[in-house]
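Notes for the one structure printed next.
The values are calculated or read from the model by the stated rules, or taken from the named source; none is laboratory data. This structure is a prediction, so every number in the text was calculated from the model and none was measured. Counting neighbours? That spans all protein chains shown, and the Cβs are built from the backbone with ideal geometry, glycine included. Areas reflect the complete protein model, heavy atoms only, side chains present, ligands, DNA and RNA absent. Shrake-Rupley method; radii C 1.70, N 1.55, O 1.52, S 1.80 Å.
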Amino acid sequence: MGGGRTGGEGTGGSKRGLLAVIDMQRVFAEPGGPWSTPRFDEAVDGVRRLLPAFGDRVVFTRFVAPEEPAGAWRAYYDRWPFALQPPQSPLWDLVDGLAVRAGRQMDATTFGKWTPELAGHLGTGGPLVLAGVSTDCCVLSTALAAADAGAEVLVVADACAGADDIAHAGALRVMDLYRPLIRVVTVAEVLAVDL
């Protein structure tokens, strides 16, 4: 999946790569909700700024509950029984401001979204650019798996939000330790530099 390959050289991809917008869903946006993500709205603003630069090279992901949890996921859903709802539940909807822009969408019952489907969307068209929530869970899980598979990963710090500011900053620090496989960047850097 790799390295420094860029699109625009016969691949049909953008030199900026593929933007994967991770789990910008109502369940994480609801203030006071059990999975509420502080600074969610700030992450949405960052995502909105990124979208025009990627054109149709954008995938929106959704975390959804499995029909029947297995293994350690059973204990997870014992702790969060409200979340055992089918994929079509409004709980899992993308937030309104982004739903209308979600041309390509993929669902996963796992925190990490690095799946064969996402890898196929990336192809050889540049880096995998990650934005969304939560920095310290689904973004982190996706970044590490993609980097292990050989994808160049950029995590857009100001287009992500964590469970809280400390968790967000800690996850960014951990991911930045994986340089050059994973780089933490800003929206302005993505928009200004020919990656």
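Just a few scattered comments:
- Pairwise label distance in nanometres, residue 42 with residue 117, each label 7 Å out on the Cα-Cβ vector: 3.1 nm
- When both bridge partners sit in the chain, DSSP labels roughly 5% of those beta bridges antiparallel.
- Over the chain - Rg/Rh using Cα atoms and the Kirkwood inverse-distance radius: 0.95
- Computed over protein heavy atoms with a 1.4 Å probe, the carbon and sulfur contribution to the accessible area of the chain reaches 55%.
- Length gained when the stretch residue 30-residue 89 is fully extended (0.36 nm per residue, less Cα-Cα span): 19.8 nm
- For the chain, the longest site-free run once GluC sites (Glu not before Pro) in DSSP loop states with at most 13 other Cβ atoms within 10 Å are removed: 68-195
- Mean silhouette area of region 87-195, derived from the convex hull of its C-alpha atoms and averaged over all directions, reads 7.4 nm².
- Note that region 139-195 carries a Kirkwood radius of 11.6 Å, evaluated over its alpha carbons pair by pair.
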